[in-house]
Amino acid sequence: MNEPSDWELVALARTGDDQAFARLVRRYQQGVVAFCQRMVGSRDDAEDLAQDSFIRVYRYLAGLRPEAKFSTALFGIARNLTLNFLRDAGRRGRGKTCSLTSEDAAQQPVRDPANSPEHRARLHEIETMLERALEGVSPEHREVLVLRELNGLDYEAIAAVTKCRKGTVKSRLARAREQLRIQLLELGGDEI
């Protein structure tokens, strides 16, 4: 039996089928949490933002229209919530609650049992450096980079999520990559 499409699950959820909505959550939870975490820098805050994103989608099921991908609407909501979080955190003077390079990274180790411990340690070092460098990229550039490179969204979907033109997405992505390159160099990434 074929897996139902996102919009088929939305239609079922609109009729009160909570299992259909739960399937949507399972389908996208990991990607939304990863996006939020890379935007805000905290696994706990990211999980809260992802949960809020799914709650908001659930509340507005009746208003969702299949003109675009469901993931575009979902990531658009997650984006707005993370940007609001970052703006509000800046107003309150609140810093990040934990580092991606310590506790959170330890919760998600690089998994490749065929490699030697030295190789795994080197991969972890590179991953840590990339996460630190990503923190130095501006939020508007970080979001397009994360949506494109880590979540695999195409330019059209990113444009819909960020509510800007496809050309703007391309230029932001180019600037994001340049910012990331500069951050990596500042962190000693020329040794990678």
Could you give the length gained on full extension between Ala22 and Glu118, defined as 0.36 nm per residue of separation minus the Cα-Cα distance, in nm? 30.5 nm
Determine, from the Cβ-Cβ distance of Leu185 and Thr15 and an R0 of 45 Å, the FRET efficiency 1/(1 + (r/R0)^6), rounded to the nearest 0.05. 0.25
Counting just the Cα atoms, what span does region 1-45 cover along each of its three principal axes? Round to the nearest Å and put the largest first. 37, 22, 13
Keeping all protein chains in the complex and leaving out DNA, RNA and ligands, what accessible area do you get for Ile55 with a 1.4 Å probe, in Å² to the nearest 10? 70
Quick one: accessible surface of Val57, probe radius 1.4 Å, all protein chains present, in square angstrom to the nearest 10. 0
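Mind checking region 1-94 for GluC sites (Glu not before Pro) that DSSP puts in a loop (not H, G, I, E or B) and that have at most 11 other Cβ atoms within 10 Å?
Details: sites: Glu8, Glu47, Glu67; in loops: Glu67.
Here the GluC sites (Glu not before Pro) that fit, given the DSSP loop and packing criteria, are Glu67.
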Cβ-Cβ FRET estimate between Glu149 and Ile55, R0 fixed at 30 Å, reported to 0.05: 0.65
Treating each Cα of region 138-192 as an identical point scatterer and ignoring solvent, apply the Debye formula and state log10 I(q)/I(0) at q = 0.24, 0.25, 0.30 Å⁻¹. -0.85, -0.89, -1.14
Taking the Cα-to-Cβ direction at Thr128 and at Ser171 and moving 7 Å from each Cα, how far apart do the two end points lie in nm? 3.8
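The values are calculated or read from the model by the stated rules, or taken from the named source; none is laboratory data. The structure displayed is predicted, hence computed values, not measured ones. Cβ: placed from backbone, ideal geometry, glycine included. Neighbour counts: every protein chain shown. Side chains included, ligands, DNA and RNA excluded: accessible areas come from the protein's heavy atoms. Shrake-Rupley method; radii C 1.70, N 1.55, O 1.52, S 1.80 Å.
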